[in-house]
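Notes for the one structure printed next.
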Ligand code: COA
């Protein structure tokens, strides 16, 4: 997507995140299914993940707390926002949106609010959309959240999918800025729905294709063809990062952090090596948090931001892929 020069900039004014306290290790999983810490770590890079207490926590509470942290960092209040977007596929209810409840909890009434469904791309799609809406002149301050309680949609009786996922939320507050050099330098969002059945969540038997009819995973839980997703992701992920760097004239030397969706450490490492990026520019936290779908990029961004790793001089990249199939990137200068 080519963008005309904006009349003003879009500032990431604060970031925040939230993870549940409860830790589920690979060893914990090996007590309830036929797996081992070694098998999971070798294939995915994951040692442990966070999971919600379903009685007291979930997508809504994590989204609310992550956005509250981002507002505090931005020294703003909920009432300063005119829109809230929550990227998620694990909303407790299909109506109302998580975003509307978050808005009410943070005093953001009457800000507009909606959820955005783009699976693991939820945060990058949402922040891309938010910056475009601010640039359009329609909105001034937007709260963006990626939040996912994956533990509510995985079948812990099955070892093939459940081992990958964890729960988290990441958030950012975007505001209009008079400096047009600040903000998103480039963004892409894409999809190929023909690959939908390699990562999907059927609620009714008629949604299950014949080729997947023998899948033991219970309805209402996420199903995945791991090999197909891996094949797609290992090429697409690199292509999307490479495209973002080429379009903004960035090299392995000049780019700042490449903030990756934490899908599988082997997918991230394959892209990192091909693009000649040093380890310190590609943050990894999948060992501690697993794949938290739409939560992951916002969580990484917040951890990097608070550690002072997002530099003013070097544009940074956010990149994700996921169910849909979808992919997205954004290059930002702060
Ligand atoms: N523990 C131990 N053994 C397991 C296991 C587990 N948790 N899950 C599967 N296995 C077994 C399989 O039954 C199979 O056994 P078999 O050879 O006797 O049939 C064997 O391990 C290999 O299974 P396979 O599915 O071929 O493993 P894989 O090498 O493809 O790795 C993934 C599985 C899921 C780690 C890998 O395909 C992957 O990471 N895909 C991408 C997923 C992804 O990124 N999803 C998120 C997108 S946002």
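No value in this document is a laboratory result; all are computed from the given coordinates. The structure displayed is predicted, hence computed values, not measured ones. All Cβ positions, glycine included, derive from the backbone under ideal geometry; neighbour counts span all protein chains shown.
For helix 59-74, report the angle its Cα long axis makes with the longest principal axis of the Cα atoms of the chain; keep it between 0 and 90° and round to the nearest 10°.
It is inclined by approximately 30 degrees.
Determine the principal axes of the Cα atoms in the chain, then give the extent along each, sorted from largest to smallest and rounded to whole angstroms.
Dimensions of the chain along the principal axes of its Cα atoms: 56, 45, 36 Å.
Taking Cα centroids, how far is segment 103-182 from segment 24-99 in Å?
Rounded to whole Å, the Cα centres lie 12 Å apart.
Can you say what percent of the DSSP beta bridges in the chain, counting only those with both residues inside, are antiparallel? Round to 5.
Values: 38 of 52 bridges.
Given both bridge residues lie in the chain, the antiparallel proportion sits at roughly 75 percent.
Taking the chain as the reference, fit the longest principal axis to its C-alpha atoms, fit the long axis of helix 122-135 to the helix C-alpha atoms, and give the angle between the two in degrees, 0 to 90, nearest 10.
The answer is roughly 20 degrees.
Please tell me the relative contact order of the chain in percent, rounded to the nearest whole number, where contacts are Cα pairs under 8 Å and at least six residues apart.
Details: 829 pairs, mean separation 84.9, N = 334.
Result for the chain is 25 percent.
Taking a label point 7 Å from the Cα of residue 239 along the Cα→Cβ vector, which residues of segment 296-325 have an amide N closer than 17 Å to it?
The answer is 319-325, whose backbone nitrogens lie closer than 17 Å to the label point.
Angle check, please: helix 265-274 long axis (alpha carbons) against the longest principal axis of the chain (alpha carbons), in degrees 0 to 90, nearest 10.
50 degrees
How much length would be gained if the chain were fully extended between residue 53 and residue 93, taking 0.36 nm per residue of separation minus their Cα-Cα distance, in nm to one decimal? Mind dumping the intermediate values first?
Details: separation 40, 0.36 × 40 = 14.40 nm, distance 1.72 nm.
Contour length minus Cα-Cα distance gives 12.7 nm.
Using 1/(1 + (r/R0)^6) with R0 = 41 angstrom and r between the beta carbons of residue 254 and residue 203, what's the FRET efficiency to the nearest 0.05?
That gives a FRET efficiency of 0.30.
Identify which of 121, 260, 95 has the largest mean-square fluctuation in a Gaussian network model of the chain, with springs joining Cα atoms closer than 10 Å.
95
If I build a Gaussian network model for the chain, linking alpha-carbon pairs within less than 10 angstrom, which residue out of 39, 196, 305 has the largest mean-square fluctuation?
So, out of 39, 196, 305, the one fluctuating most is 39.
Please find, in a Gaussian network model of the chain (springs between Cα atoms separated by less than 10 Å), the residue of 216, 180, 315 whose mean-square fluctuation is greatest.
Maximum fluctuation in the GNM of the chain, among the listed residues, is at 216.
Run the simple label-point estimate for residue 179 and residue 21 please: 7 Å along Cα→C-beta, distance reported in nm.
4.0 nm
Express in nm, to one decimal, how much length is gained between residue 287 and residue 33 on full extension, taking 0.36 nm for each residue of separation and deducting their alpha carbon distance.
Details: separation 254, 0.36 × 254 = 91.44 nm, distance 1.96 nm.
Value of the extension gain: 89.5 nm.
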